[in-house]
């Protein structure tokens, strides 16, 4: 409900409505008071109430009247707790509630808070700004300092605890949740033990309405112990997600359980009264808790943050294990990376020629998109399965490893120096991969187009030469922008790889293959076992490379269809296209054009790396909860290390830090799954 915003002092509102005995149940006086609570010094308001006993009494009676017998369990059991077991239904529900608030039962505190508070967070902040001792004094003046001991209030609190316990037990008994913590199968379930203690608490209140729970009560201490065990159950389930994988449904289920257990602790604490000071303290805390929960009820940002944190952690966790293989540590590893990059350059050179030939085929933009996507996907999968290295595929994998290393080490100057050395190893690995890719993609494309010219007596690159060279002009074309698009797709392909790896572990696909009766009967157990190992090791990479190829192939045709200048530029393909453009022009190009194209090839590589690695690091940092406040220190240390040891960023020069950083990378590898 919205009210006209004529701001007045709270004392003026009190005079207006409570100079007489106001027995009406209308909420307008309270809404107007809440809206103006920040327009007067709170101490002045207290003095006004002290000096106006009749108004204070009338206002106190009014508050007791509108809150009397008004249920508030929904505010404790529903507000700011996930209500759906999947992200998108929950997101949709919260979004709808923001746009069109739901119709609530007018006899509940839930409805009351929604009605009197137009901007819950702002109103709550105003109340938080009031000194605690003055708020205590207000509660005493209004004779509501001990309402927490009211029988109705205690029953509502106890009912809320029961609802929350029933719900969390239902989730804990879900077979998929239990599978996340198999070590609890052979022990008493802490949730069932918690239920027994809550039943005992219910019995005590039922037998004696004057029963008062205290912090020294053995029953309360036992409930706290079981609550801690239940929270440990949930935390272990989250930790085991690195071993067993996790689904979006279970992620939401565990988040909900975590919220419910915390809410049970909070509500139980309200029932604990040790002395008279606790009366006002807990009465005030109940009011603030209800307002706090309601203010976050439909928060979309918190939902996205909480729901995506674990999944992003899992995605980067599975790519981190792959990423360690892309960081060279010795001269032997360095040269091995170079040879793998050379092999990739040969394949990419051939792919450049194939794509050019496909462009000559008649057909629609849609048919060309399919051909280009097939060309790229086939090539990338071939590169992956042959063990070659596509330079820009490294950042999406290595970023996760870097973030995982940083999150698992202590934040100290020594650690930052070690991390800077690790960055130098990564950079030189990327550098030699770039060199290897470019070094052979150019001559391979040139050799193939020359061979076709000899065989068919036709320069097949002539028609496309101008466009190929124009696309390598950073000023006249959108080469840099298109390189960033390619970097984004590299980042997405890394996410796909991590997601497929997580799903493979969660659904136990490799074990299903190894145990499949059809496969074992037809091909034998050894074949099934080898197939399961091959799937576990290569399937995420195969799928991510297929999708990267699809993204690369369909971008330009879709851009043309939409009338947008969209395309992709990748350093290795840019090198091959440079060769085709030169051959199509019979090498009759100016020196300045040749130099421009040459520089642009490496600029494209730089932006491929920058976007892919940058986005991957952001995701990995977030998933590992690495504080961005440390980024400045890390960056300064990396820059300092570069100035001191520039050659280490390009060549495998030995260092006393090699063994330490190798140990850091090995430590960051994920735990292998065990039997469930």
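The values are calculated or read from the model by the stated rules, or taken from the named source; none is laboratory data. What you see is a predicted model, and the numbers here were worked out from it, not measured in a lab. Don't worry about glycine lacking a Cβ; one is built from the backbone with ideal geometry, like all the others, and counts go over all protein chains shown.
Observations, loosely collected:
- Number of the condition not met by residue 437 [criteria: (1) surrounded by 23 or more Cβ atoms within 10 Å (Cβ to Cβ); (2) more than 16 Å from residue 612 (Cβ to Cβ); (3) modelled with pLDDT of 90 or more]: (2)
- No other residue among 48, 87 is outside the structural domain of residue 136 (by TED's automatic domain parsing), touching a residue at least 12 places away in the same chain (Cβ under 8 Å) and either in contact with a helix residue (DSSP H, G or I) (Cβ under 9 Å, 6 or more places away or on another chain) or over 29 Å from residue 16 (Cα atoms) (or both) apart from 87.
- Residue, nearest to residue 206 (Cα to Cα), within the stretch 129-144, restricted to residues that are modelled with pLDDT of 85 or more and part of a loop (DSSP other than H, G, I, E, B): 144
- Search result, residues across the stretch 34-53 that are within 27 Å of residue 104 (Cβ to Cβ) and at pLDDT 80 or above: none
- The stretch 156-181: number of residues that are under 22 Å from residue 287 (Cα atoms) and without any contact (Cβ under 8 Å) to a residue 12 or more places away in the chain: 0
- Residue count for the stretch 522-565, restricted to those that are assigned to a loop (DSSP other than H, G, I, E, B) and modelled with pLDDT of 90 or more: 1
- Out of 602, 573, 607, sole residue that is modelled with pLDDT of 85 or more and farther than 28 Å from residue 459 by Cα: 607
- Yes/no for residue 183 being outside the structural domain of residue 142 (by TED's automatic domain parsing), at pLDDT 90 or above, assigned to a helix (DSSP H, G or I) and touching a helix residue (DSSP H, G or I) at 6+ places or on another chain (Cβ under 9 Å): no
- All of (1) under 25 Å from residue 343 (Cα atoms); (2) buried (at least 21 other Cβ atoms within 10 Å of the Cβ) hold for residue 554 with one exception: (1).
- The set of residues in the stretch 501-521 being surrounded by 16 or more Cβ atoms within 10 Å (Cβ to Cβ) and either modelled with pLDDT under 90 or not in a helix (DSSP H, G or I) (or both) consists of 501, 502, 503, 504, 505, 506, 508.
- Exclusive hit being modelled with pLDDT under 90 and out of contact with any strand residue (DSSP E or B) (no Cβ under 8 Å at 6 or more places or on another chain), set 287, 234, 267, 280: 287
- Apart from one condition, residue 576 fits all of (1) in a helix (DSSP H, G or I); (2) more than 29 Å from the chain's Cα centre (by Cα); (3) surrounded by fewer than 23 Cβ atoms within 10 Å (Cβ to Cβ); the exception is (3).
- If the condition is being surrounded by 16 or more Cβ atoms within 10 Å (Cβ to Cβ) and under 30 Å from residue 178 (Cα atoms), then the stretch 194-223 contributes 194, 195, 197, 198, 201, 220, 222, 223.
- From 363, 323, residue being on the phi > 0 side of the Ramachandran plot and modelled with pLDDT under 90: 363
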